Amino acid sequence: MLEKIVSGITATGKLTLGNYIGSIKNMIKLQNDYEQYIFVADLHALTTYIDPKELIENKKNIFALYLACGLDPQKTTLFFQSDVPAHSELNWIITTITNMGELSKMTQFKDKSQNIVKQDNKTEIIPTGLFVYPALMIADIILYNPKAVPVGIDQKQHLELCQKIVKRMNTKYHLNFNEPKPIIPKIGNKIKSLVNPEQKMSKSDKNANASIYLLDDPEVAYKKIQRAVTDSENKIYISEEKPGVLNLLTIFASLKDISIEEAEKHFSNKTYKDLKEEVGEVVKQFLIEIQKKYQSYIQNIDEIAQAGAKKANKIASENLLIIQKAFGLK
Ligand code: AMP
Ligand code: TRP
């Protein structure tokens, strides 16, 4: 029997090149060797307020982009998180074995709650859902009992907590679930903002120039790369002190499937203008290809999503029952 893999992306905004390079690219590789379950995390999108119409749009876009990027429904079970009620049911159980102290240490919670406080200057308006978000993520994972979870580096801390909670649950309730390992890409596990290369490229960035969206007009994306913040040295080499240049080299290397050292060599005698033109061109061609496929999928995702949910529901409810029995609920 094949080992299992599970992962998801939160439906909070439009997918970026960071999501592709940091997470989707690995999913595509893994689908050939594993039984893979990939979902659109719509329940997670509710942790900070989102306009319901926007959520519906985002859900469909992400689902069709999964397909357009190369996830094959014959190999990967694709579904919407909220179509599998076991996620919400197990979430409750997981909150009972997760401590407040553990959840308060999560850096993503600290960042997001600080942003809310900054906007409104009140601490009491932080949603409980934002605080317990990692418990839902742990439930998402345990339901498929996977060997590993492909994610970008920002999810490493959540995965470590997941391992800890699975271990706790196994010991306390005499269960035998896997402690899943994160699969984090070597190249591009944290693609940076084009405007501030110290920060990650994020789908919730308010400045549209900071991110390349997978559905950006390819010409607009090309222009964003030409305007990307670098430095004034005009010499291309790998250095943490040159985050803007390193980011462009990383994007180039990942999309060309070469190492960063090979990318560095390719640009060694070239200027920043050359670098931006070549990276811009590679990104543009990549988007053109994905968007062509996207158009053919966007109209008919319902059938794939229903079939995916059916398959996911089967395995998720089996694992939920094992846990419910162990906890004395059934
Ligand atoms: P999110 O956009 O936060 O829902 O993340 C979905 C997946 O994409 C997670 O596995 C993230 O770690 C990954 N990801 C998001 N942004 C980036 C980025 N800038 N670079 C690399 N991976 C990313
Ligand atoms: N929290 C993840 C993110 O924002 C998305 C996610 C939700 C996820 N559930 C998951 C990723 C389960 C992997 C496994 O990126």
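The values are calculated or read from the model by the stated rules, or taken from the named source; none is laboratory data. Not measured: the values here are computed from a predicted model. When we count neighbours, we look across all protein chains shown, and the Cβ atoms used for this are built from the backbone with ideal geometry, even at glycine. Keep in mind that these areas ignore ligands, DNA and RNA; they rest on the heavy atoms of the full protein, side chains included. Shrake-Rupley method; radii C 1.70, N 1.55, O 1.52, S 1.80 Å.
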**Message:** Among the residues that make up segment 261-281, is at least one of them buried (at least 19 other Cβ atoms within 10 Å of the Cβ), within 22 Å of the chain's Cα centre (by Cα) and either more than 30 Å from Leu78 (Cα to Cα) or not basic (Lys, Arg) (or both)?
**Reply:** no
Picked from segment 146-175 (must be aliphatic (A, V, I, L, M) and under 18 Å from the mean Cα position of the chain (by Cα)), the residue farthest from ligand 1 (Cβ to nearest atom) is Leu161
Scanning segment 1-15 residue by residue, those away from ligand 2 (no atom under 11 Å from the Cβ) and of a type in the set (S, T, N, Q) turn out to be none
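Being in a loop (DSSP other than H, G, I, E, B) and within 8 Å of ligand 1 (Cβ to nearest atom) is the filter here; which residues of segment 194-203 pass it? Spell out how you get there, then give the answer.
Residues of segment 194-203 that are in a loop (DSSP other than H, G, I, E, B), as a first pass: 194-199, 201-203.
Of everything in segment 194-203, those that are in a loop (DSSP other than H, G, I, E, B) and within 8 Å of ligand 1 (Cβ to nearest atom) turn out to be Met201, Ser202, Lys203.
Of the residues Leu65, Leu78, Leu55, which single one is in contact (Cβ under 8 Å) with a residue 40 or more places away in the chain, part of a helix (DSSP H, G or I) and crowded, with 20+ Cβ neighbours inside 10 Å? Give the derivation first.
Details: Leu78 fails: part of a helix (DSSP H, G or I); Leu55 fails: crowded, with 20+ Cβ neighbours inside 10 Å.
Step by step, each of Leu65, Leu78, Leu55 is checked, and only Leu65 is in contact (Cβ under 8 Å) with a residue 40 or more places away in the chain, part of a helix (DSSP H, G or I) and crowded, with 20+ Cβ neighbours inside 10 Å.
Out of all the residues in segment 39-46, is one or more surrounded by fewer than 21 Cβ atoms within 10 Å (Cβ to Cβ), within 16 Å of ligand 1 (Cβ to nearest atom) and either of a type in the set (Gly, Ala, Ser) or part of a loop (DSSP other than H, G, I, E, B) (or both)?
Looking only at segment 39-46, we keep the residues that are surrounded by fewer than 21 Cβ atoms within 10 Å (Cβ to Cβ), and these are 46.
Still in the list and also within 16 Å of ligand 1 (Cβ to nearest atom): 46.
Subset that is either of a type in the set (Gly, Ala, Ser) or part of a loop (DSSP other than H, G, I, E, B) (or both): 46.
Checked against the condition, which is being surrounded by fewer than 21 Cβ atoms within 10 Å (Cβ to Cβ), within 16 Å of ligand 1 (Cβ to nearest atom) and either of a type in the set (Gly, Ala, Ser) or part of a loop (DSSP other than H, G, I, E, B) (or both), segment 39-46 yields at least one hit.
Every residue in segment 1-58 that is among the aliphatic types (A, V, I, L, M) and at pLDDT below 95, please. Before you say what the answer is, go through the steps one by one.
Kept after step one, since they are among the aliphatic types (A, V, I, L, M), are these residues of segment 1-58: 1-2, 5-6, 9, 11, 15, 17, 21, 24, 27-28, 30, 38, 40-41, 43, 45-46, 50, 55-56.
Met1, Leu2, Ile50, listed by residue number.
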Residues of segment 217-230 being out of contact with any Phe, Trp or Tyr (no Cβ under 9 Å at 6 or more places or on another chain), open to solvent by 20 Å² or more (accessible area, probe 1.4 Å) and not in a helix (DSSP H, G or I), in sequence order, are Asp217, Arg227, Val229
The residue that is nearest to the chain's Cα centre (by Cα), considering only those in segment 235-260 that are of a type in the set (D, E, K, R) and assigned to a loop (DSSP other than H, G, I, E, B), is Asp257
Subject >> Residue check, Val132 in contact (Cβ under 8 Å) with a residue 40 or more places away in the chain and among the β-branched types (Val, Ile, Thr) >> reply: yes
Flagged in segment 176-206 as surrounded by fewer than 17 Cβ atoms within 10 Å (Cβ to Cβ) and more than 13 Å from the chain's Cα centre (by Cα), in numbering order, are Asn176, Glu179, Lys181, Lys186, Asn196, Glu198, Gln199, Lys206
Of the conditions (1) within 30 Å of Thr230 (Cβ to Cβ); (2) in a loop (DSSP other than H, G, I, E, B); (3) open to solvent by 60 Å² or more (accessible area, probe 1.4 Å), the single one that Asn300 does not satisfy is (1)
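Pick out the one residue from Ile93, Ile97, Ile125 that is farther than 30 Å from Lys330 by Cα, in the same structural domain as Gly8 (by TED's automatic domain parsing) and hydrophobic (A, V, I, L, M, F, W, C). Even if it seems obvious, please write down each step before you answer.
Working: Ile93 fails: farther than 30 Å from Lys330 by Cα; Ile97 fails: farther than 30 Å from Lys330 by Cα.
Of the residues listed, the single one that is farther than 30 Å from Lys330 by Cα, in the same structural domain as Gly8 (by TED's automatic domain parsing) and hydrophobic (A, V, I, L, M, F, W, C) is Ile125.
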